[in-house]
Amino acid sequence: MHDTRAWARQWLQTPRNLYIDGGWRSASGARTLATVDPADQSTLTTYGVANEVDVEAAAAAARRASRAGDWPRMARRDRGKLLQRIAAVIRDHADELATLESLDNGKLLRESVEDDLPESADVFDYYAGWVDKHYGETCPVGHGFINYTVHEPVGACGLIVPWNFPLLMACWKLAMALACGNTVVIKPSEHTPLSLSRLFELLDERVALPPGVVNLVLGDGETGAAIARSPRLDKVAFTGSTRTGRAVLAGAAASNLKRVSLELGGKSPNILFADLPDRDAAVARVYAALFSHKGEKCSEPTRLLVQRPLYDNVVAELAAMAEAAVCGHPFAPTSQQGPQCHRAHFESVMRYVELGRAEGRLVAGGVADTRGENANGLFVRPTIFADVDNSARVAQEEIFGPVLVITPFEDEDEAVRLANETSYGLAAGLYTADVSRAHRVASRLDAGMVFVNRYGCYDFASPFGGFKQSGHGKELGRHSLAEFTRTKSIWIAL
Ligand code: NDP
């Protein structure tokens, strides 16, 4: 693990631009934005905002490249080799990319290096293996005909990614879209454009993708809304808040009814039954699953439901862990939690912390961490509220920060009822040694992903995505291939 901040400082001297049709260009409008280091709120760099004209230029390039030229004619195996090449380039430059990620987002360098970067590379290798394995079928239709299906690329896809895993979420979507033969226009969050900008430089210099296959637009909601509305894009894949997801859906509906897949927020429950198999491991995992990446994860277990006999001790142990945690600079080896990603988000988390004081019993944290070198940063002490009623706002609304709410329950029925009483349905966890209960409760939980006896298991082979207002459409696994292809039915009269 190398800290390449000296290299990054140099790299940041060059203004970031848009990458459209195989070349770099400035945004056509006059609006600019700055991206800020959340550890001290210094400006890292500024960049021009892509407006509708820029987005349409990128969408037109993506549409052209999806219909003619080298990309649609490329052998699937060669497409797979290009994906493997992208994986190799990310690995070669992992230190730089991890450094930019931690500077821009505030997550610990260790988290960028150990979590985000390896997966950002590996997902391209995973999908390189799928390029020639998603194919159609022959359907048993009536006498005198043959009917078969083919899975075609959807076409030009808009990809909108958030600030919590800026490179990783971009790489998931890029790998899935490209493996299926699509072309893309991708937009990082206004708060975290750096790692994806660097990846595009590397793609330009070291990976021979035909012009127009990948296009990068930088900007904020104006740019995202233009992607959702674009008449030249055939699909939009979005990860972010439920509120913005609605706007994306409305934009798609109001323009060309493009396909939409949404990976939205969560308020995921985690149930500790009194018969859980390894209590200490479970409590340690509860803490890590919630507070790593400073609680900025959509599938994190933000609502802990604890059966009465365990309740007081579990609350006390988690509170002790939170009180002992070290908030600090993302690059300091002693730090256990970095700053929240951006100022407006930090303020939103702090408003929920204040609300929680009224809605629950504060047992840890509850303040910003402004000690010593943290004085100018956006640090929030890991915060835990106990005795929170499930109807409280802090138990129902996505906070997306280092804030855990804990609620006691008496029996299985009550646990399931509390777990499902939410508008979200992304993930859920349960801990029990009773195998029958594990299956029973897993089947009753209204969530797209259920973790038994280890919260937060992920693998590219397993579908990721939620129910209810956590979105629709699956990412990862073979399930995502359906999201990025369209199925054509072909009839031959004999
Ligand atoms: P948003 O949902 O607003 O941002 C996600 C992405 O959508 C960003 O690239 C954003 O751009 C873009 N965007 C913003 N407005 C529009 C629009 N009108 N049309 C299309 N795209 C748009 O998240 P926020 O940054 O506002 O975070 C708010 C809350 O959302 C968080 O506190 C958290 O609760 C939740 N969230 C959930 C995530 C998840 O993984 N499920 C990820 C991020 C946030 P830009 O950032 O440049 O405005």
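The values are calculated or read from the model by the stated rules, or taken from the named source; none is laboratory data. Everything numeric in this text was worked out from a predicted model, so none of it was measured. Methodologically, a virtual Cβ is constructed for each residue, glycine included, from the backbone with ideal geometry; neighbour enumeration extends over all protein chains shown. Side chains are part of the model used for accessible areas, which takes the heavy atoms of the whole protein and leaves out ligands, DNA and RNA. Shrake-Rupley method; radii C 1.70, N 1.55, O 1.52, S 1.80 Å.
Peptides 49-56, 246-253, 139-146 ranked from most to least packed by the mean count of surrounding Cβ atoms within 10 Å: 49-56, 246-253, 139-146. The Cα-based radius of gyration and maximum Cα-Cα distance (Dmax) for the chain are 23.1, 80 Å.
Evaluating 6.51 cos²θ - 1.76 cosθ + 1.60 at θ = phi - 60° for every residue in the range 413-419, the Karplus couplings come out as 4, 5, 4, 5, 4, 4, 4 Hz, glycine and proline recorded as x. Which is farthest toward the positive dipole end of the chain among Tyr19, His143, Val403, measuring Cα position about the Cα centre, with Cβ charges +1 (Lys, Arg) and -1 (Asp, Glu)? With unit charges placed on the Cβ atoms, the residue in question is His143. For the range 106-199, the solvent-accessible area of protein heavy atoms averages 29 Å² per residue (probe radius 1.4 Å; ligands and nucleic acids excluded). For the range 1-113, a/c is not less than 1.5, where a ≥ b ≥ c are the root eigenvalues of the C-alpha gyration tensor, and a/b does not top b/c. That puts it in the oblate class.
Among 425-431, 75-81, 374-380, sorting by the average number of other beta carbon atoms lying within 10 angstrom of each residue, highest first, gives 425-431, 374-380, 75-81.
Dipole size of the range 269-459 about its Cα centre, with +1 on Lys/Arg Cβ and -1 on Asp/Glu Cβ: approximately 400 debye, rounded to the nearest 20. Per residue, the range 269-459 exposes 38 Å² of solvent-accessible protein surface, assessed with a 1.4 angstrom probe and all protein chains in place.
With only Lys, Arg, Asp and Glu charged, each at its Cβ (+1 for the first two, -1 for the last two), find how big the charge dipole of the chain is about the Cα centre; round to the nearest 20 debye. For the chain, the charge dipole is close to 1660 debye.
If each DSSP helix of 4+ residues adds -39,500 (n - 2.57) and the sum is divided by the residues in the chain, what number results at 222 nm, nearest 500 deg cm²/dmol?
For the chain, the value works out to -12000 deg cm²/dmol.
Read phi for every residue in the range 201-209 and hand back ³J(HN,Hα) as whole Hz from Karplus 6.51 cos²θ - 1.76 cosθ + 1.60, θ = phi - 60°, with x for Gly and Pro. Once rounded to whole Hz, the list reads 4, 5, 4, 5, 7, 10, 10, 8, 7. Listed cross-link partners Lys267/Lys488; Lys81/Lys488; Lys81/Lys107; Lys173/Lys468 are compared with a 30 Å cut-off, the Cα-Cα value being larger for Lys267/Lys488; Lys81/Lys107. Most tightly packed first, judged by the mean number of other beta-carbon atoms within 10 Å of their residues, the peptides 187-199, 225-237, 445-457 read 187-199, 225-237, 445-457. Residues in the range 15-70 average 44 Å² of solvent-accessible surface per residue, probe 1.4 Å, ligands and nucleic acids excluded. For the range 363-432, GluC sites (Glu not before Pro) meeting the loop criterion (DSSP other than H, G, I, E, B) and having at most 15 other Cβ atoms within 10 Å: Glu410, Glu421. Under 5 Å from the amide H of Gly429 lie the amide H atoms of Asn270, Ile271, Phe451, each residue being 5 or more positions distant or on a separate chain, with H modelled from the backbone and absent for Pro and chain starts. Carbon-plus-sulfur accessible fraction, the range 78-229 (probe radius 1.4 Å, protein heavy atoms only): 53%.
To put it simply, the accessible area of the range 269-459 at a 1.4 Å probe is 51 percent carbon and sulfur.
For the range 269-459, the mean projected area of the C-alpha convex hull, equal to one quarter of the hull surface, is 10.4 nm². Need the C-alpha centroid separation for the range 55-99 versus the range 219-242, integer Å. After rounding, the separation between the Cα centres reads 20 Å.
Taking every DSSP beta bridge that has both residues in the chain, what percent is antiparallel when rounded to the nearest 5?
If we restrict to bridges inside the chain, about 45 percent are antiparallel.
Taken one residue at a time, the phi angles of the range 23-32 give Karplus couplings (6.51, -1.76, 1.60, θ = phi - 60°) of x, 8, 8, 7, 5, 7, x, 9, 5, 10 Hz. Gly and Pro are set to x. Among Phe331, Ala65, Ile90, which residue has its Cα furthest toward the positive end of the charge dipole of the chain, with +1 on Lys/Arg Cβ and -1 on Asp/Glu Cβ? So the residue we want is Ala65.
According to the Kirkwood relation over distinct C-alpha pairs, the hydrodynamic radius of the range 106-234 is 16.5 Å. Carbon and sulfur atoms: what percent of the 1.4 Å accessible area of the range 1-71 do they account for? Carbon plus sulfur share of accessible area: 48 percent.
Projecting the Cα atoms of Gln340, Pro309, Ile384 onto the charge dipole of the chain (Cβ charges, centred on the Cα centre) puts Gln340 farthest toward the positive pole.
Please tell me the relative contact order of the chain in percent, rounded to the nearest whole number, where contacts are Cα pairs under 8 Å and at least six residues apart. RCO, the chain: 18 percent. Overall, the range 360-494 carries a charge dipole of about 580 debye about its Cα centre when +1 sits on the Cβ of Lys and Arg and -1 on the Cβ of Asp and Glu, all other atoms neutral.
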